[in-house]
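The values are calculated or read from the model by the stated rules, or taken from the named source; none is laboratory data. Note that the structure is a prediction, hence the values are computed from the model and not measured. Neighbour counts are summed over all protein chains in view; Cβ atoms, including those assigned to glycine, are modelled from backbone coordinates with ideal geometry. For accessibility, only protein heavy atoms count, side chains too; no ligands or nucleic acids. Shrake-Rupley method; radii C 1.70, N 1.55, O 1.52, S 1.80 Å.
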Amino acid sequence: MIYSVRHTTMFRYEPAVRESVMEVRLQPRSDGEQRCLSFTLDVDPVANIMQYRDFTGNTVHHFDIAGTHKLVKVTAQSAVEVQSVTAPRPADSGDWADLDALVASGDYWEMLLPSHFAQSSAPLERLAQQLGCERRGNPLELLTELNEVICKLFAYVPNSTKVDSPIEEALQSRQGVCQDFAHIMIALVRRLSVPCRYVSGYMFHRDETERDRSQEGASHAWVEALVPRLGWVAFDPTNNLVGGDRHIRVAIGRDYADVPPTRGVYKGEAQSELSVSVTVRPADSVATEPMTSNFVLRSRPVLVRATPRSQQEQQQQQ
């Protein structure tokens, strides 16, 4: 499949701010079964855009808008080819001894240690005990089971948590969004010494018969776990799916803190409003009218004069 992806982010400020500095991770990766065929990034007001690769190979664009402004609009347009992959079978994967040998021979420690959003806690340990989350069967079988049970146990409720909510909120309320479910699965899996990483990206919603829970018109998140003989295998606990040709990978990291779609600061005392809209469609389909903003997030004016720069709101992955 070849997809056309359009991701539009707008920051509005009242009164105007004096400067904005931002970095974005919006360019799909080219690795594995995926190729980014084209990518453009437009910024309004016009800015000089630079780019680099971060420590996991994600493309990062960054820019500085120095003049006074009330609005920043960032539009990313991509064409991405995603190859179909055969669903992994337990018979084709290795056992726990194979996994331990694989981990011992490679450099996976960053995806094994607790991270900012994916770490152990009393509520997580209670969930692990409830699920019998221990080494049994083979790694692929256990990962598939966890993927399914997280989907069943937790209700998908858009905007029920915030971008910086710890997983304890979702664990206690048994509801959340894809960002929460990915962090919960990562924390559970790393307890078993299985390398697991966070994936930021998009998902194509084919039609209503798919019964996807994740929200159309937003970015998406899932996980990849290291499986012996198969490599990194994608699991989507929000929708109880194994990654396939409907998942478009943008960035990978230890958790969301490594890969927010947008992150930055602005100079001034202003009320800010963040709005986001995302469209994902087959490249050969007829383009439709741009979607309205999937969500709008407002913040109050920052009045602490000792801190002239205020952090720009980040986008939660739904």
Open item on the list: Can you find a residue that is of a type outside the set (S, T, N, Q), buried (at least 22 other Cβ atoms within 10 Å of the Cβ), in a loop (DSSP other than H, G, I, E, B) and modelled with pLDDT under 95 anywhere in the range 257-280?
Closed with: no
Open item on the list: With the structure loaded, tell me whether LYS162 is of a type in the set (Lys, Arg) and in a helix (DSSP H, G or I) or whether it fails that test.
Closed with: no
- [ ] Take ARG305 and decide whether it is outside any strand (DSSP E or B), among the basic types (Lys, Arg) and at pLDDT below 75.
- [x] yes
Open item on the list: Show the residue pairs meeting these rules: Cβ distance below 8 Å; 6+ apart or different chains; first residue within the range 235-259 and under 13 Å from ARG25 (Cβ atoms); second residue among the basic types (Lys, Arg) and in a strand (DSSP E or B).
Closed with: ILE252/ARG197; GLY253/ARG197
Task: Selected residue (criterion: farthest from PHE181 (Cα to Cα)) from residues of the range 137-156 that are modelled with pLDDT of 95 or more and exposed (fewer than 15 other Cβ atoms within 10 Å of the Cβ) - done: GLU141
Task: Single residue of GLU224, GLU168 found to be more than 30 Å from LEU41 (Cβ to Cβ), charged (D, E, K, R) and not in a loop (DSSP other than H, G, I, E, B) - done: GLU168
- [ ] Kindly indicate whether VAL163 is more than 23 Å from SER219 (Cβ to Cβ), surrounded by 15 or more Cβ atoms within 10 Å (Cβ to Cβ) and touching a residue at least 12 places away in the same chain (Cβ under 8 Å).
- [x] no
Task: Whichever residue in the range 77-87 is in contact (Cβ under 8 Å) with a residue 12 or more places away in the chain and open to solvent by 40 Å² or more (accessible area, probe 1.4 Å) and, among such residues, is farthest from ALA47 (Cα to Cα) - done: ALA87
Open item on the list: Pull out all pairs, ordered by first then second residue, where Cβ-Cβ is under 7 Å, the residues are six or more apart or on different chains, the first lies in the range 21-48 and is among the β-branched types (Val, Ile, Thr), and the second is open to solvent by less than 40 Å² (accessible area, probe 1.4 Å) and modelled with pLDDT under 95.
Closed with: VAL21/GLY264
Task: Which listed residue is open to solvent by less than 70 Å² (accessible area, probe 1.4 Å) and at pLDDT below 95, from GLY32, GLY57 - done: GLY32
Open item on the list: Being over 24 Å from PRO282 (Cα atoms) and either open to solvent by less than 80 Å² (accessible area, probe 1.4 Å) or of a type in the set (S, T, N, Q) (or both) is true for just one of VAL74, VAL103. Which residue is that?
Closed with: VAL103
Task: Among residues of the range 173-210, those that are outside any helix (DSSP H, G or I) and without any contact (Cβ under 8 Å) to a residue 12 or more places away in the chain, counted - done: 1
